[in-house]
1. If B:R12 satisfies every condition in (1) under 24 Å from the mean Cα position of the chain (by Cα); (2) within 24 Å of B:G108 (Cα to Cα); (3) within 12 Å of DNA strand D (Cβ to nearest atom) but one, which is the exception?
2. Could you list, in sequence order, all residues of segment A:138-166 that are at the interface with chain B (Cβ under 7 Å from one of its Cβ atoms) and crowded, with 21+ Cβ neighbours inside 10 Å?
3. Of everything in segment B:32-52, what is over 13 Å from B:V20 (Cβ atoms), without any contact (Cβ under 8 Å) to a residue 24 or more places away in the chain and β-branched (V, I, T)? Give them in sequence order.
4. Does segment A:105-127 include one or more residues that are at pLDDT 85 or above and touching a Leu at 6+ places or on another chain (Cβ under 8 Å)?
5. So which of A:A60, A:A29, A:A17 ends up being within 14 Å of chain B (Cβ to nearest Cβ), under 27 Å from B:R104 (Cα atoms) and within 22 Å of the chain's Cα centre (by Cα)?
6. If you scan segment B:127-155, which residues turn out to be touching a residue at least 40 places away in the same chain (Cβ under 8 Å), in a helix (DSSP H, G or I) and within 19 Å of A:A164 (Cα to Cα)?
7. Go through segment A:1-57 and give me each residue that's part of a loop (DSSP other than H, G, I, E, B) and either surrounded by fewer than 18 Cβ atoms within 10 Å (Cβ to Cβ) or near DNA strand C (Cβ under 8 Å from one of its atoms) (or both).
8. Since B:Y88 meets every condition but one in (1) hydroxyl-bearing (S, T, Y); (2) within 21 Å of A:L163 (Cβ to Cβ); (3) in contact with a His (Cβ under 9 Å, 6 or more places away or on another chain), which condition does it not meet?
Protein chains: 2
Amino acid sequence: MGTSKLARTRDRLLEAAIDVMAREGIVGATTREIAQVAGVSEVTLFRHFRTKEQLLSAVAQHITALQSEALANTAEWTQDLHRDLTHYAWLYNNMLEKHEALVRMFIGEAQRHPEEALQVFQQAALPLRQKLAAYLQNHVERGSVRADVNLSATIDVFTGMLLAGMLRRRISPTCLGYSKEEYVVHCIRLFVSGIATPQYTPLPSVELPPQL
Amino acid sequence: MGTSKLARTRDRLLEAAIDVMAREGIVGATTREIAQVAGVSEVTLFRHFRTKEQLLSAVAQHITALQSEALANTAEWTQDLHRDLTHYAWLYNNMLEKHEALVRMFIGEAQRHPEEALQVFQQAALPLRQKLAAYLQNHVERGSVRADVNLSATIDVFTGMLLAGMLRRRISPTCLGYSKEEYVVHCIRLFVSGIATPQYTPLPSVELPPQL
DNA sequence: ACATAATGTAAGTAAGCACTTACATTAATT
DNA sequence: AATTAATGTAAGTGCTTACTTACATTATGT
């Protein structure tokens, strides 16, 4: 066995903690239920993590590790701005949906657990974010993206649109007036036409008026 | 006295509940502390609201009422798309910042309290949202906003950008690489250039927020 | 086979929780 | 002044929580 029994039990406890905390929130998640979901006794939980607080901290680190692992597979860029951003948007959106419960929890309890929330959200999204920044910077130098945009702010606007979309879908999925796909497509379109230079305007294919 | 003692105590309890719940979350907010903050005994709390659940429900209604009241003052539109949306964006952003703790709480606990979260977020933002929809529809008919956009989706993208910006600012305010003002300005610029028709391409002049 | 590491079982502790009961006190109304 | 409505005080109930202790059981490695 590559992993010891100790490590396997620890991992099961962390996964169970993620599961229960996502359902019940941090305050609502009891050590009893976490241990039960993990299939171990409550005493074992406290032998691995001396307090609930320490378990929470370990959970945050665990998630961070999982995320940067999942996003490690570098997507190949085609240099087609609209196509690449579509790929990126769906990658990001799917990640958000997969971890919706956790995202909600950390947003809601960010004030009470600032260091963990910061750790999870900032560190987990950092590599993907930097890749996108480098990609857009490349486009800026090639003249297809406007040079007068703050790249950090712009990227956060982009991911923020997708995040907010996911949050809103759960709250009122019925009477939104649009589908998930429609929303994401709108995000992409808005973003591309917002950062692209006038020369590079991919959207209105009919009769481009000459720019002045 | 316009308001009876009964109603005043009830109001103080509701305000205290908002205060404590915003700080501690719904699960973390204890009836003891809510009563203490309200300056009444815990028994009085239970005489006004038979259970904690019922108190939560009353809180949701109270917030909804407060919000639609605050947004009742109709802003006059100047028909200048960029200018009007700037005004709207700052109005919305300030509202979000004012109620940040509550927004966070309801996002985080939306799954466990679906009806209250829906009530607060949907109903509170509804009038403002409808006004913006009507305004944009007007611009569509006048040809300054593209006709091929889903207005509902587009509005949600706009408000979503602002919401996500507020959420992110609290988590990592230091190392963002941009200011709040910069973020909001980027939102506006992205949005305007994304929905405007090619004929109507406003020159993006940096606008300052109305006030702190 | 044996020593040790990891877990289970059972029971319990002290604290905090929502919520109640009984009775005294204050304020408003009549 | 008398009645009533609104609140306070004090004590307590039953439940759940994080966390502990003592001891028995299983798996693991040598």
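1. Of everything listed in (1) under 24 Å from the mean Cα position of the chain (by Cα); (2) within 24 Å of B:G108 (Cα to Cα); (3) within 12 Å of DNA strand D (Cβ to nearest atom), B:R12 misses just condition (2).
2. Within segment A:138-166, A:A153, A:T154, A:D156, A:V157, A:G160, A:M161, A:L163, A:A164, A:G165 meet the criteria.
3. B:V43, B:T51
4. Looking through segment A:105-127, at least one residue is at pLDDT 85 or above and touching a Leu at 6+ places or on another chain (Cβ under 8 Å).
5. Answer to the selection: A:A60.
6. Selection gives B:L128, B:L132, B:T154.
7. Start the filter on segment A:1-57 by keeping residues that are part of a loop (DSSP other than H, G, I, E, B), which leaves A:1-4, A:29-30, A:39-41, A:49-51.
Answer for segment A:1-57, where residues must be part of a loop (DSSP other than H, G, I, E, B) and either surrounded by fewer than 18 Cβ atoms within 10 Å (Cβ to Cβ) or near DNA strand C (Cβ under 8 Å from one of its atoms) (or both): A:M1, A:G2, A:T3, A:S4, A:T30, A:G39, A:V40, A:S41, A:R50, A:T51.
8. (3)
The values are calculated or read from the model by the stated rules, or taken from the named source; none is laboratory data. From a predicted model like this one, the values you see are computed outputs, not experimental measurements. Positions of Cβ are backbone-derived with ideal geometry, glycine not excepted, and every protein chain shown enters the neighbour counts.
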